[in-house]
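This report refers to the structure that appears directly beneath it.
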Amino acid sequence: MAKIKNISPLGDLEVPSFGLVVRAGETVEVSEEIAASLLAQTDNWTAADKAAVSLQAPATTAAEKL
């Protein structure tokens, strides 16, 4: 299990495919599979514990994206 936090500028987030509604600023505990999927949305989610940090993709620079 891993903890992730909703940091979305849009506020509360509904994740229908996982049956989740996460309020703005709320931290939730989810499976590592779900955490990895949601953490790919870096504008909406951030890791909230060590287990989740290990699931985050490494940051890339603008040059690496080209």
Search result, residues across the range 17-45 that are crowded, with 16+ Cβ neighbours inside 10 Å and under 9 Å from the mean Cα position of the chain (by Cα) = 34, 35, 36, 37, 38, 39, 44, 45
Out of all the residues in the range 2-16, which are surrounded by fewer than 12 Cβ atoms within 10 Å (Cβ to Cβ) and not in a strand (DSSP E or B)?
-> 9, 10, 11, 16
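Every number in this text was worked out from the coordinates using simple rules, so none of it is lab data. Since the structure is predicted, the reported quantities are computational estimates derived from the model, not experimental observations. Every residue, glycine as well, gets a Cβ built from its backbone with ideal geometry; the counts of neighbours run over all protein chains shown.
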